[in-house]
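Have a look at the structure below, then the notes.
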Amino acid sequence: MNARCHERSDFVSNPSECTRLLAELRSALPHLTLLDRLEDVRPYECDGLPAYRQTPRAVVLPRTEAELKAVLDGCRRHRVPVVARGAGTGLSGGAMPHAEGIVVSLARFMKILEIDPRARLARVQPGVRNLALSEAAAPFNLYYAPDPSSQIACTLGGNVAENSGGVHCLKYGLTVHNVLAARALVLSEDGIDDVLFGGAAPDSPGFDLLAALNGSEGMLAVVTEITVRLTPKPETAQVVMASFDAVAAACDAVAAIIAAGIIPAGLEMMDRQAIAAVEPFARAGYDTEAAAILLCESDGAPEEVRHEVDRVIRVLEAAGVRQIRISQNEAERLKLWAGRKAAFPAVGRITPDYLCMDGTIPRRRLGEMLSAIAAMEQKYRLRCANVFHAGDGNLHPLIMFDAHDKEEMGRALAFGAEILELSVALGGTITGEHGVGIEKLAQMCVQFTPAELAAFAAVKAAFDPLGLLNPDKVIPTPARCREYRQTGGTRPEERDARTESDG
Amino acid sequence: MSLGVRAVEGERLADPILDGWREQLRAAADAGTTLVIEGGRSKHFYGRPISGEPLAATAYRGIIAYEPTELVITARCGTPLAEIDSALAERRQMLAFEPPRFGGSPTLGGVVAAGLSGPRRMAAGAARDFVLGARLLNGRGELLNFGGQVMKNVAGYDVSRVLAGSLGCLGVLVEVSLKVLPQPPEEASLRFELSESEALERLKGWAGQSLPISASAWNDGALWLRLSGAGPALAAAKLKLGGEMVEERAAAAFWTGLRDQTSAFFADASDALIRLALPAAAPVLDLPGPRLIEWGGSQRWCRAEAERWPALRDLARACGGHATLFRAPPDFVPDEVFTPLPPPLLRIHRALKQRFDPAGVFNRGRMYPEF
Ligand SMILES: Cc1cc2nc3c(=O)[nH]c(=O)nc-3n(C[C@H](O)[C@H](O)[C@H](O)COP(=O)(O)OP(=O)(O)OC[C@H]3O[C@@H](n4cnc5c(N)ncnc54)[C@H](O)[C@@H]3O)c2cc1C
């Protein structure tokens with residue numbers, strides 16, 4: 001069991017055990033929806049990142065916790081790998097099935113169990129959609145603050161597993177800051193335990209394992225119930241669209257806003273290519289001549305918003321803004337945001353395929369990163385539009401390519417890998433909110449040392465000693481890292497040298 | 001037992017202080033003894049009493065990086081909180097979780113390892129909410145980096161947040177990166193004469209509204225509120241809330257006394273101090289001694305004889321919360337000071353301890369007797 005003694009390797013399973021498990025589930029749970037014909041499981045072969053696909057042996061869609069528990073216990077007894085799945089909108093292949101395993105869809109757990117407006121919290125099942133929760137809380141003048149652009153479809157269970165963010169994270173926090181408790185099924189050597197992580201009371205005793213569960217990509221436990229904090233709807237909100245002649249000026253304006261002591265409710269940036277893709281699609285009213293635009297939102301009481309917007313405008317003017325538009329009513333505000341929220345599909349319209357990267361870097365390095373990406377566009381002969389959560393330094397370069405052209409796809413993947421490595425070199429991380437999944441396994445070897453990766457494996461083993469939950473994701477094996485380095489990838493030791501000299 | 005430590009022998013760490021700690025770790029692992037990680041000793045009373053050889057975390061100090069426009073500060077564990085506070089104050093920024101000082105001189109490592117938060121906790125978040133990254137010296141002698149210096153980071157499990165509040169049981173927090181926030185432009189405090197039940201009722205009503213309340217405290221017939229925000233928002237809130245304005249200096253003294261437990265309520269050392277953490281909606285509780293309510297009803301302090309502690313712990317549990325024997329008189333030696341963990345959670349805790357600190361060297365037993 002000691003990660004240092006014998007080297008970790010990818011999960012090895014026994015296909016006949018899975019056959020036995022399926023037969024057993026069919027007879028023990030006759031009402032369980034169990035799909036195992038190829039055409040039925042095919043829709044589950046990938047998540048929102050279709051570049052990685054794998055059909056599972058079977059997909060089950062339990063309706064009750066008792067069914068779910070029985071399925072997991074079967075997996076435990078037969079040592080069959082199991083991948084939990086929400087809406088399948090993940091962008092790193094986190095919900096991609098295991099070839100010899102089953103997929104457990106939580107889609108049918110879609111009840112909102114409780115909304116307590118006085119305590120400002122909601123208790124939901126994991127299959128509840130992010131937006132559905134905010135809609136249900138709206139009559140109480142409350143909402144759920146983390147708002148990923150996929151909020152129409154993605155589930156709270158998926159949000160917890162990915163520690164998802166949204167455009168309002170700078171002020172209202174990520175998923176981890178808004179989840180008070182999660183009940184989850186844990187697979188131990190001798191059974192399935194129903195465990196409560198966190199609680200409605202603050203500062204639960206012991207280690208903060210709820211923090212580990214958030215962002216654990218379905219590898220530690222299967223979440224069955226989530227208690228979240230709801231946020232009072234601001235009385236009013238206003239968004240400022242500011243355009244700039246140079247990307248560097250827009251980046252400086254972001255730093256200047258923060259330096260002025262302002263934490264906007266949202267602070268997003270788009271570059272020329274993103275604006276060009278979005279404007280004809282969403283007609284949001286962006287400045288199409290600009291090199292970059294910023295969207296900066298203020299929310300709160302009317303007096304407060306007026307005061308903050310005035311200050312933001314003064315900072316923007318000092319930063320050499322080209323054009324400013326301020327939403328005058330709710331319809332205008334939503335229109336300005338609609339462009340940003342539709343950025344991915346808008347880019348999807350102008351290219352057969354695109355890869356969405358997700359590095360986060362210190363804000364002061366944004367300019368550097370963007371000029372490096374421009375140079376990579378030449379190097380790889382591919383276009384890249386940049387949309388990002390500028391306030392958090394979280395970039396979403398969208399690399400455009402055609403997946404039918406294998407050579408071009410290879411260039412796109414190499415382009416993405418170079419961006420991620422540069423994110424690490426600039427003192428940042430390979431993923432800010434989309435997760436590692438299967439996609440960024442190789443870059444984990446760049447960001448972390450073998451001892452750090454072994455520590456992650458130790459965390460997984462502490463929760464999931466049999467290693468059955470979503471195996472082979474997130475934590476690369478030492479062998480994989482060696483292979484990656486031999487083919488020219490950077491090492492974490494070089495990373496340390498770089499970030500330390502940077503100060 | 002010291003296998004893990006030996007495995008990395010020969011590999012040197014960058015700093016002589018850290019090398020010294022590794023020597024200490026190796027010796028303790030070989031001898032099967034405990035190392036007690038010590039910062040400023042301001043929270044020496046907190047957790048289960050343990051004995052062992054001290055590891056002086058204060059030796060490794062200094063701010064490594066502070067970039068106000070990034071909203072991040074990175075410092076070594078032994079850096080005095082006072083040094084961090086004054087660096088931040090110069091740029092009108094702060095640690096928004098208001099870590100308590102307890103009348104001593106805490107260090108950054110201790111602040112994060114204890115994971116305690118002050119009056120602003122319900123409005124701004126807890127210590128763990130502001131942890132962005134940490135460097136850990138684990139019980140295998142490995143120096144590990146988790147998280148980083150950026151706002152969003154989901155590469156690997158969020159181990160740095162798990163270290164917040166871990167009481168040094170997984171290793172020495174060598175460096176920490178915290179998110180910082182701008183100081184509020186203005187603050188004002190209000191006082192209301194109210195009974196305990198009236199105060200809890202009011203707090204519940206206000207919680208569902210968008211009001212700039214950054215702290216609340218009820219004790220002995222008076223409810224205090226602190227408002228933080230832009231001038232116009234405070235003016236509007238004052239009209240809505242009522243109450244009497246508290247003069248600025250008196251208000252500052254009140255909130256500091258509360259944060260650091262230097263005010264009269266906390267002064268008498270002959271009784272135990274018990275902390276109950278509850279869902280905010282919990283009703284008025286029949287507590288055996290003087291009480292003080294914070295965090296909108298979620299944190300309740302009670303002074304009582306130490307023998308009452310198990311009963312209060314059960315009461316907190318029955319209300320869906322938990323309790324801590326926060327301070328006990330010197331002659332009272334409790335077995336547990338935190339609410340015991342259910343068996344599956346204890347299993348995960350032990351497994352983590354086993355993997356991060358296989359010889360059980362660091363702060364063994366400080367949190368729970370089992371590890
Ligand atoms: C157009 C588009 C825009 C997006 N915008 C954003 C954005 O702004 N911000 C952002 O953060 N993300 C964004 N995403 C990514 C994605 O929507 C999020 O990661 C989301 O949280 C995934 O939720 P899901 O329900 O689809 O999960 P899935 O994709 O089904 O699963 C994701 C991971 O969660 C695990 N999982 C799911 N349910 C459970 C459970 N109950 N218990 C344990 N593990 C579970 C799975 O095993 C998998 O590892 C976007 C995606 C798309 C397609």
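The values are calculated or read from the model by the stated rules, or taken from the named source; none is laboratory data. The structure displayed is predicted, hence computed values, not measured ones. All Cβ positions, glycine included, derive from the backbone under ideal geometry; neighbour counts span all protein chains shown. For accessibility, only protein heavy atoms count, side chains too; no ligands or nucleic acids. Shrake-Rupley method; radii C 1.70, N 1.55, O 1.52, S 1.80 Å.
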TODO: Restricting attention to helices (runs of 4 or more DSSP H) lying wholly within region A:1-108, give those where 1 or more residues are among the hydroxyl-bearing types (S, T, Y) and surrounded by fewer than 23 Cβ atoms within 10 Å (Cβ to Cβ).
DONE: A:15-28
TODO: Kindly establish whether B:L71 is more than 19 Å from the chain's Cα centre (by Cα) and either within 13 Å of chain A (Cβ to nearest Cβ) or within 29 Å of A:A260 (Cβ to Cβ) (or both).
DONE: yes
Task: Scope region A:296-305; condition touching a residue at least 60 places away in the same chain (Cβ under 8 Å) and either crowded, with 19+ Cβ neighbours inside 10 Å or basic (K, R) (or both); matching residues - done: A:E297, A:S298, A:D299, A:G300, A:A301, A:V305
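Residue-wise test of (1) loosely packed, with under 15 Cβ neighbours inside 10 Å; (2) within 30 Å of B:T339 (Cβ to Cβ).
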| position | (1), (2) |
| --- | --- |
| B:E196 | no, yes |
| B:R202 | no, yes |
| B:G208 | no, yes |
| B:L211 | no, no |
| B:G229 | no, no |
| B:L234 | no, no |
| B:E244 | yes, no |
| B:E247 | yes, no |
| B:L285 | no, yes |
Task: region A:135-146: number of residues that are away from chain B (no Cβ under 14 Å) and open to solvent by 20 Å² or more (accessible area, probe 1.4 Å) - done: 2
- [ ] Mind checking which helices (runs of 4 or more DSSP H) fall wholly inside region B:142-253 and carry at least 2 residues that are modelled with pLDDT under 95, within 12 Å of another protein chain (Cβ to nearest Cβ) and out of contact with any helix residue (DSSP H, G or I) (no Cβ under 7 Å at 6 or more places or on another chain)?
- [x] B:196-207, B:231-241
- [ ] With the condition kept exactly as written, say whether any residue in region A:122-133 is more than 16 Å from the ligand (Cβ to nearest atom), without any contact (Cβ under 8 Å) to a residue 24 or more places away in the chain, open to solvent by less than 50 Å² (accessible area, probe 1.4 Å) and not aromatic (F, W, Y).
- [x] no
TODO: Would you tally the residues in region A:429-446 being in contact with a Lys or Arg (Cβ under 8 Å, 6 or more places away or on another chain), open to solvent by 10 Å² or more (accessible area, probe 1.4 Å) and away from the ligand (no atom under 16 Å from the Cβ)?
DONE: 1
Task: In region A:178-195, the residues that are within 13 Å of the ligand (Cβ to nearest atom) and without any contact (Cβ under 8 Å) to a residue 60 or more places away in the chain - done: A:N178, A:V179, A:A182, A:R183, A:A184, A:V195
TODO: Within region A:172-188, track down each residue that is within 26 Å of A:C75 (Cβ to Cβ), within 7 Å of chain B (Cβ to nearest Cβ) and within 25 Å of the chain's Cα centre (by Cα).
DONE: A:V186
TODO: Could you tell me whether any residue of region A:251-273 is more than 14 Å from chain B (Cβ to nearest Cβ), open to solvent by less than 10 Å² (accessible area, probe 1.4 Å) and in a loop (DSSP other than H, G, I, E, B)?
DONE: no
Task: Residue check for B:A311: within 14 Å of chain A (Cβ to nearest Cβ), of a type outside the set (K, R) and surrounded by fewer than 23 Cβ atoms within 10 Å (Cβ to Cβ) - done: no
TODO: For region B:193-207, enumerate the residues that are farther than 17 Å from B:L285 by Cβ and within 26 Å of the chain's Cα centre (by Cα).
DONE: B:W206, B:A207
TODO: Have a look at A:G191, A:G218 and point out the one that is facing another protein chain (nearest Cβ under 10 Å) and on the phi > 0 side of the Ramachandran plot.
DONE: A:G191
Task: Number of positions in region B:335-371 that are open to solvent by 20 Å² or more (accessible area, probe 1.4 Å), closer than 24 Å to B:A311 by Cα and more than 9 Å from chain A (Cβ to nearest Cβ) - done: 5
Task: Residues of region A:158-171 satisfying the condition of being buried (at least 22 other Cβ atoms within 10 Å of the Cβ) and either more than 12 Å from the ligand (Cβ to nearest atom) or within 12 Å of the chain's Cα centre (by Cα) (or both) - done: A:G158, A:N159, A:V160, A:A161, A:E162, A:N163, A:S164, A:G165, A:G166, A:L170
Open item on the list: Quick check on region B:314-332: of everything there that is out of contact with any helix residue (DSSP H, G or I) (no Cβ under 7 Å at 6 or more places or on another chain) and either more than 10 Å from chain A (Cβ to nearest Cβ) or without any contact (Cβ under 8 Å) to a residue 24 or more places away in the chain (or both), which residue is surrounded by the fewest Cβ atoms within 10 Å (Cβ to Cβ)?
Closed with: B:D331
